[in-house]
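Participant: Got a structure here, written out as structure tokens. Questions coming.
The values are calculated or read from the model by the stated rules, or taken from the named source; none is laboratory data. Source: prediction; values computed, not measured. So basically every Cβ, Gly included, is an ideal-geometry build from the backbone, and we count neighbours across all protein chains shown. Note: accessible area is taken over every heavy atom of the protein model, side chains too, but ligands, DNA and RNA are not part of it. Shrake-Rupley method; radii C 1.70, N 1.55, O 1.52, S 1.80 Å.
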Amino acid sequence: RSFRSVGVGNIGWYRPYSSVGNTVPNTKLFINGKFIESQTKNFIDVHNPATNEVVTRVPQATQTEMESAVESASEAFKEWSETSVLTRQQVMFKYQQLIKENIHELAKTITTEQGKTLMDAEGDVLRGLQVVEHCCSITSLQLGETMPCISKDMDAHSYRVPLGVCAGIAPFNFPAMIPLWMFPVALVCGNTYIFKPSERVPGTCMLLVDMLQHAGCPNGVVNVIHGQHETVNFICDDPNIKAISFVGSDQAGRYIYERGSLNGKRVQSNMGAKNHGVIMPDANKETTLTQLVGAAFGAAGQRCMALSTAVFVGEAQNWIPELVARTKSLQVNAGHLPGTDLGPVISPEAKERIKSLVQSGIDEGATCLLDGREIVVPGYEQGNFVGPTILSQVKPHMQCYQQEIFGPVLVTVGADTLDDAINLINTNPYGNGTAIFTTNGATARKFTNKIDVGQIGINVPIPVPLPMFSFTGSRGSFLGDTNFYGKAGINFFTQLKTVTQMWRETDVTPTQSATAMPV
Ligand code: NAD
């Protein structure tokens, strides 16, 4: 069974897994419109999580290569920033079409490198595509403001102008969606870009930049450099880079926010999460349990908006055995096989970490109602599989509650009242997402008003906002003051320039220079 062949079909795009003979292919850099073989000696192996077979090797770009990417982006900025908004819009029109036409190919690459199911991988592309579609309305989004007659013969207007070279650093869990939160919004505003994908899932982004080039984006407008810490430090320090978008873990997010900010850059940093779903006893039981199972275990729990903590209020605590029974029907298998509900987790290290957090919960007094730690998937014995796992009687002091597990593990907590549930969530440091399941409007309204979390679902388990809104995770899940995509995204990638002008039909020369502020 060769997973190397589960790459791109005969569509003529960059092929992440095309190799000569039996050698493992290297992922290329993308600089000034060209795919380039890195001169580095340091490579990172990328494994298919279902088999642990090496599918490609990612280069740690050299200092010279990274500098040449920034040089290319700086040079391209001179023209791109002055390209008409209609031209930039046309690139986006073509780009969204190409992504749509090739969604299956993109999804295959995601499944090969990341492990999620093909259907879920298409969802990953689709949610990114929606951002590109929204970028097509840049002709309205980037409008400035005007005010005529602010004084005699004097008018003012403000423009939203691009910043220059911007950069993005992405995580492994959404290989298409998260890059598409970043560079399309930057480019359509007139910026140029340096992108660093996760070193664990580089292939999808290479396809995406190839498609962007085919959509008419000029050379140098988007560049891809690979690597780990050295690349991140380079992005944080290079004085030509004006803004950084980061999505990933807390540790990296705080580091990049601090280092980038110290260097005077704008930084937006989306980080970890511990999303609670509150189940009220008046909720529609069937729908709620179905939604909970999907939101907790979909993508093997590797979503920043996964509902990883279920807070059952009052009588709803009696529903837990039914939740367990439903979860048992999920199929764990390689992501490309039909019928799979959960694929593998990203790496053997991630699997071990998840297993040890489950064990810590048991050691600290939680009850393991469903234990997927020792699952073996026939034909994929080397894969990083963890079956759905449910811990009950979890208390806030336990490690399994305090840490983001980022695997197919649902922890359940009991609460006597809605107020107790709200208090629990507001005490948790994270603020990415939360949901409540209820049939009572007043309960939903109270929850919405009292809860201190940036994204709230009412009978919606994963409330990720569509791109006409913004991704508004808060508190410990976000650093910065301007969110991703939507209006906030446009604001992040532009700065205001305000012009105050006076035109008089007949010039009246003042008799004296005014040294005081005009009143
Ligand atoms: P990660 O932080 O390990 O990696 C993200 C990026 O940062 C990668 O490009 C990586 O090369 C770089 N990086 C990793 N460690 C670094 C370090 N110490 N210093 C500098 N750079 C470093 O994250 P991941 O494991 O790829 O992704 C999973 C995490 O991302 C989870 O915590 C998840 O909640 C979070 N996430 C958050 C959102 C959101 O919008 N809030 C969305 C998706 C994922």
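Participant: Just grab the label-to-label distance for Lys446 and Glu286, each label 7 Å out from Cα along the Cβ direction, in nm (one decimal).
Facilitator: Result: 2.8 nm between the two label points.
Participant: Quick one: which of Lys108/Lys274; Lys41/Lys196; Lys78/Lys100; Lys116/Lys351; Lys34/Lys487; Lys274/Lys450 span more than 21 angstrom between C-alpha atoms?
Facilitator: Lys108/Lys274; Lys78/Lys100; Lys34/Lys487
Participant: Considering the options Pro16, Ser137, Ile462, tell which one lies farthest towards the positive end of the dipole of the chain, charges being +1 on Lys and Arg and -1 on Asp and Glu at the Cβ, about the Cα centre.
Facilitator: Of the listed residues, the answer is Ser137.
Participant: Now for a separate question. Would you work out which of Trp80, Val332, Ile241 lies farthest towards the positive end of the dipole of the chain, given +1 charges on the beta-carbon of Lys and Arg and -1 on that of Asp and Glu, about the Cα centre?
Facilitator: Trp80
Participant: Compute, for His214, the solvent-accessible surface of its heavy atoms (probe 1.4 Å) with the complete set of protein chains present, and express it in square angstrom to the nearest 10.
Facilitator: Probe radius 1.4 Å; accessible area of His214 about 110 Å².
Participant: Short version: what are the Cα gyration tensor semi-axes of the chain, square root of 5 times each eigenvalue, largest first, in whole Å?
Facilitator: The three semi-axes for the chain are 42, 32, 19 Å.
Participant: Calculate what fraction, in whole %, of the accessible area of the chain sits on carbon and sulfur atoms when a 1.4 Å probe is rolled over the protein chains.
Facilitator: That share works out to 52 percent.
Participant: Compute the relative contact order of the stretch 310-434 as a whole-number percentage, counting only Cα pairs closer than 8 Å that sit 6 or more residues apart in sequence.
Facilitator: Answer for the stretch 310-434 is 28 percent.
Participant: Restricting to the chain, compute how many DSSP beta bridges are antiparallel as a %, nearest 5.
Facilitator: Roughly 45 percent of the beta bridges in the chain run antiparallel, per DSSP.
Participant: Label Ala156 and Asp237 with points 7 Å out from Cα along Cα→Cβ: what is the distance between them in nm?
Facilitator: Each label point lies 7 Å from its Cα, and together they span 4.2 nm.
Participant: Let me ask another. Only Lys, Arg, Asp and Glu count, each charged at its Cβ (+1, +1, -1, -1), so figure out the dipole size of the stretch 418-501 about its Cα centre, rounded to 20 debye.
Facilitator: 240
Participant: Next question, about the same structure. Decide, for the stretch 403-518, between rounded, prolate and oblate: order the square roots of the alpha carbon gyration tensor eigenvalues as a ≥ b ≥ c, take rounded if a/c falls under 1.5, and otherwise choose prolate if a/b is larger than b/c, else oblate.
Facilitator: Note, shape of the stretch 403-518 comes out prolate.
Participant: Hey, another quick one. Magnitude of the Cβ-charge dipole of the chain, K/R +1 and D/E -1, about the Cα centre, nearest 20 debye?
Facilitator: For this selection, approximately 280 debye.
Participant: If I take every Cα pair under 8 Å that is 6 or more residues apart in the stretch 120-249, average their sequence separation and divide by the length, what percent do I get for the relative contact order?
Facilitator: 28
Participant: When a/c reaches 1.5 or more, the comparison of a/b and b/c decides; with that in mind, is the stretch 253-397 rounded, prolate or oblate per its Cα gyration tensor?
Facilitator: Taking the square roots of the gyration eigenvalues as a ≥ b ≥ c, the stretch 253-397 is oblate.
Participant: Where the centre of each part is set by its Cα atoms, how far does the stretch 144-219 sit from the stretch 310-338, in angstrom?
Facilitator: 40
Participant: Further, regarding this structure: Keeping every protein chain present and rolling a 1.4 Å probe, give me the accessible area per residue for the stretch 25-71 in Å².
Facilitator: 43
Participant: On to the next question. Which peptide among 134-147, 42-55, 499-512, 311-324 comes first, and what is the full order, when sorted by highest mean count of other Cβ atoms within 10 Å?
Facilitator: The packing order, highest mean first, is 42-55, 311-324, 134-147, 499-512.
Participant: Quote the relative contact order of the chain in percent (integer), defining contacts as alpha-carbon pairs under 8 Å separated by 6+ residues.
Facilitator: Reported as a whole number, the value is 17 percent.
Participant: Just the number please: accessible area per residue for the stretch 138-252, 1.4 Å probe, all protein chains included, in Å².
Facilitator: 30
Participant: Mean projection of the alpha-carbon convex hull of the stretch 64-197 over all orientations, in nm²?
Facilitator: Answer in nm², one decimal: 10.0.
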